[in-house]
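Before any comments, here is the structure.
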Amino acid sequence: MSKEELGVYLKPFNRTGGKFLALIAVLLGAMALGGYALYIQFTEGHYVSGMRDVGAGGAAWGIYIGMLVYFIGISYAGISVSAAVRLLNLEKYKPVARMGELLTIIALLLGSLFILFDLGQPIRGVINMFQFGRPMSPLFFTFSVIATGYLWSTLIFMYISGRRDASIMKANGLGIKPLYTVLSGGYVDSHKAREKHNKVLKALAVAILPLLVMAHSFLGFVFGLQVGRPGWYTAIQAPAFVTLAAASGIGALIIISLVIRRTYGLQQILTQDIFRGLGNFMGAATGVYIYMIISEMYVMKYAGPSGEVLIADSMLSGQLAPYFWAEILSFIAAFLIIFAMFARKSYSLLGITTSAVLVNIGALLARNMIIIPSQTLGMQLPYALGSYFPSWIEISVVVGLFALGVFLYSIFTKIFPIIEFPEEVRGER
Amino acid sequence: MVKYAMAIDLDRCMGCRACMEACKIENNTGRNIFWMFVFKQESGEYPNTTTNYMPRPCMHCDNAPCVKVCPVGARFKSETGAVLTDFDRCVGCRYCEVSCPYGVNYFNWREPADNQYYHWGKGEAEGKYGTADIRTLANGSISPYRNPTLDEPHGAEKRTVAGGGHYVGVIEKCTFCVQRTDKGLDPACVANCPVSVYTFGDLDDPNSSISKLLASRSSFRLLEETNTHPRVYYLGTPMPLEHRKHLENISV
């Protein structure tokens, strides 16, 4: 491969314009707002949030837990795409593999921060989890398997898969040399080394694959095992969490890779073919999720105990109907767009993007609609019905953490090749 | 071993809420925190209406959902049958609160001193309501609303479990007044009830008053279908759950 062809992969390094700096400035501003909100929250207590006790007409878990579930759902994308590339040899998706891995890491980091900011005593949260952690609690796995195990194994996976690229960058004398020396970790590109590299990645992908199902199921079990909360207590909770994670995670990956393709002009590498495959997968997962919501709603409304019927009524035609129908219609529209393109065998990037955005809007609403109504409306003793709406503090923290995620992602594209070099690229000595 | 239980006679309750008041004074709980709460509701259609009352302490379940879900073991079942919270260990995740079908958990959303009636922590009460005099009476040695003995370790476990309002960002709930039962006294709500709604005692002892009461009368427990095995038994007419209307709400 010639230098010009290698140059295509290095495009993100060439263009650091005013627009990028403006984006960074906006993100820093949003992060400062989030930081200020957090400062207020930890000096005044969680009283400044919209959350209140369930026995006093509120929700004890609010948008923080909703966002935690959303972000951990998003993290699905990385490992699934990487596993497809390494295990099923779907070389086609190799250009988005690293984007997916980075998305997983950043999403898990944000998810972990949401847990931490939701805790009344965050410092104890970290210390006591080591000292007194109880595996009998479903929440223990949110801390251990997801926030720690999943995050670290993805980091290791990404580091190992990035060694070859770092050594190529170093051999070609590009970018920040000391960083690539560390990241290449002694890897020297040769035929033999490349074979070994692929073998190791394959083994790691096999080892990491169970985490994909485990992480999202455990999060579902946090809710699905609670007999005291009508609406949460259902056997479909864990499979539904995995399904929605697949849809929203792949959707987020589509959005991110399209933004990168457009910003850095990478149309040559990120072909429409990739997006067609990702879009089909997302559409199928969305279809399955719609089916799961329908069967869940049917059971709740038709056969459910009074608590479940109350929640189902509120979602279908009551106070929560606007949110619920917005969620359902986003999913249905997203599914229909993909299905129409599939049926006509002609895909447009606009259609795939619209669908991915709709799936993510639906997922954001769905996560909060799972968590909140069962607390505000789900009391089985004669408490008054409650309500919850996030305060500006909570919204600022959410915005700030979103900005942190985008910030980390943007910075990464500037210091490391966001697209893995193909086999043909050799480290020249 | 003593295994405490409580029986509540709904036919006797007249909704005076002396139990709620006694609980607040004994346990120093803040605003919007009701370890003991008495539901008041009206049922039936005019003119044939009745008003019903139902006290609701923590059920101290034998198969407590809150104990099962606590990720650090701060919520635990004590040897005496009470479900207690270790305030030094709680991380404030509120999983116990969302897992409880009865809604008996209360979170310290803000600094307990600021959440006390009269805002003691912020000094807003100084000079108002004659509170400066209360501080003088206490020789300025303690916060006027706080009982320092509640900070001592209690029970066989020797953990900080008594009373409320210890730290911001931790959960709290009814303890069956562990500081009183340790000394052989009845919980504050039981002791303060003017019409003997409550019977409290050792269910393992067949000769205790509660064992005899539960053997002689039919009783029920709340939400038994959730398999929580509560240690609080109700006697008398259950609260009607159809055609009901709240007489008041807890405002947040």
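As a fraction of the 1.4 Å probe accessible area of region A:48-132, surface on carbon and sulfur atoms comes out at 71 percent. Among B:Ala82, B:Ala162, B:Ala191, the largest mean-square fluctuation in a Gaussian network model of chain B, built with springs joining Cα atoms closer than 10 Å, belongs to B:Ala191. Think of the protein assembly as shown as a dipole: +1 on every Lys or Arg Cβ, -1 on every Asp or Glu Cβ, centred on the Cα centre; then among B:Thr29, A:Ile371, A:Ala334, A:Ala334 lies furthest on the positive end.
Among the GluC sites (Glu not before Pro) in region B:167-252, those located in a DSSP loop and surrounded by at most 14 other Cβ atoms within 10 Å of their own Cβ are B:Glu242, B:Glu248.
Close amide H contacts of B:Phe39 (hydrogens built in the peptide plane, cut-off under 5 Å, sequence separation of 5 or more or a different chain): B:Met54, B:Arg56. The mean number of Cβ atoms from other chains found within 10 Å of a Cβ in peptide A:332-343 is 0, as a whole number.
Rounded to the nearest 20 debye, what is the charge dipole size of chain B about its Cα centre when +1 sits on each Lys and Arg Cβ and -1 on each Asp and Glu Cβ?
Dipole about the Cα centre, nearest 20: 140 debye.
Keeping every protein chain in place, order A:Tyr233, B:Tyr102 by accessible area at 1.4 Å, biggest value first, i.e. largest first.
The residues order as A:Tyr233, B:Tyr102, largest area first.
Convex hull of alpha carbon positions in region A:181-276: directionally averaged projected area 10.2 nm². Among A:Leu108, A:Leu151, A:Leu90, which one shows the biggest mean-square fluctuation in a GNM of chain A, springs joining Cα atoms closer than 10 Å? The residue with the greatest mean-square fluctuation here is A:Leu90.
Working with all protein chains in place, sort A:Lys414, B:Lys173 by solvent-accessible area computed with a 1.4 Å probe, largest first.
The residues order as A:Lys414, B:Lys173, largest area first.
Karplus-derived 3J(HN,Hα) values for region A:58-68, using 6.51 cos²θ - 1.76 cosθ + 1.60 with θ = phi - 60°, are x, 10, 7, 10, x, 5, 4, 5, x, 6, 4 Hz; glycine and proline are entered as x.
The order of A:His46, B:His166, A:His191, B:His229 by accessible area, most exposed first and with a 1.4 Å probe, is A:His191, B:His229, B:His166, A:His46. Based on Cα atoms of the protein assembly as shown, Rg over Rh with Rh as the Kirkwood radius reads 1.04. Counting Cβ atoms of other protein chains within 10 Å of each Cβ in A:135-142 and taking the mean gives 5. Candidates B:Gly169, B:Met59, B:Tyr46 compared by Cα position along the dipole of region B:4-239: farthest toward the positive end lies B:Gly169, with charges placed on Cβ. Principal axis analysis of the Cα atoms in region B:1-90 yields extents of 53, 27, 25 Å, listed in decreasing size. With the largest listed first and rounded to whole Å, the semi-axes of the equivalent ellipsoid of region A:50-390 from the Cα gyration tensor are 38, 25, 16. For the chain pair B and A, the buried solvent-accessible surface (1.4 Å probe, both sides summed) amounts to about 3900 Å². Annotated for region B:4-239: lysine pairs at least 8 residues apart or interchain, Cα distance under 24 Å, count 18. Legend: residues in region A:364-393 shielded by at least 20 square angstrom of accessible surface upon adding the remaining protein chains to the isolated chain (1.4 Å probe, heavy atoms) are A:Met379, A:Gln380, A:Leu381, A:Pro382, A:Tyr383, A:Ala384. The mean accessible area for residues of region A:172-225, using a 1.4 Å probe and ignoring ligands and nucleic acids, is 54 Å² per residue.
Under a 5 Å amide H cut-off, with hydrogens placed 1.01 Å from N, B:Tyr233 pairs with B:Met6, B:Ala7, B:Ile8 among residues at least 5 apart or on other chains. The heavy atoms of B:Cys96 offer some 20 square angstrom of accessible surface to a 1.4 angstrom probe. Simple rule: put +1 on each Lys or Arg Cβ and -1 on each Asp or Glu Cβ in region A:50-390, find the dipole, and look at A:Ile311, A:Ser161, A:Phe221; the Cα lying farthest toward the positive end is A:Ser161.
For the residues of A:226-238, the average number of beta carbons from a partner chain within 10 Å of their own beta carbon is 3.
Computed over chain A with a Gaussian network model linking Cα atoms closer than 10 Å, the most mobile of A:Asp165, A:Asp53, A:Asp118 is A:Asp53. Only alpha carbons enter this Debye calculation for region A:256-385, each as an equal point scatterer, and the log10 of I(q)/I(0) it gives at q = 0.18 Å⁻¹ is -0.94. Placing +1 on the Cβ of every Lys and Arg and -1 on the Cβ of every Asp and Glu, with nothing else charged, gives the protein assembly as shown a dipole about its Cα centre of roughly 2240 debye.
Need one number: the % of Cα-Cα pairs in region B:4-239 sitting beyond the 27 Å mark.
Value for region B:4-239: 37 percent of Cα pairs lie more than 27 Å apart.
Sites counted here are GluC sites (Glu not before Pro) in a DSSP loop (not H, G, I, E or B) having no more than 11 other Cβ atoms within 10 Å; the longest part of chain A that contains none of them is A:1-423.
Cross-link reach is defined here as a Cα-Cα straight distance under 23 Å, omitting same-chain residues fewer than 8 places apart; for A:Lys202 the lysines meeting it are A:Lys92, A:Lys94, A:Lys192. At 222 nm, what helix-only mean residue ellipticity would the protein assembly as shown give, in deg cm²/dmol to the nearest 500, using -39500 (n - 2.57) for each DSSP H run of four or more? Roughly -17000 deg cm²/dmol at 222 nm, from the helical runs in the protein assembly as shown.
The values are calculated or read from the model by the stated rules, or taken from the named source; none is laboratory data. Keep in mind that what you see is a predicted model, and the values were worked out from it rather than measured. Cβ sites come from the backbone with ideal geometry, for glycine too, and all protein chains shown count toward neighbours. Calculation scope for accessible area: heavy atoms of the full protein, side chains included, ligands and nucleic acids excluded. Shrake-Rupley method; radii C 1.70, N 1.55, O 1.52, S 1.80 Å.
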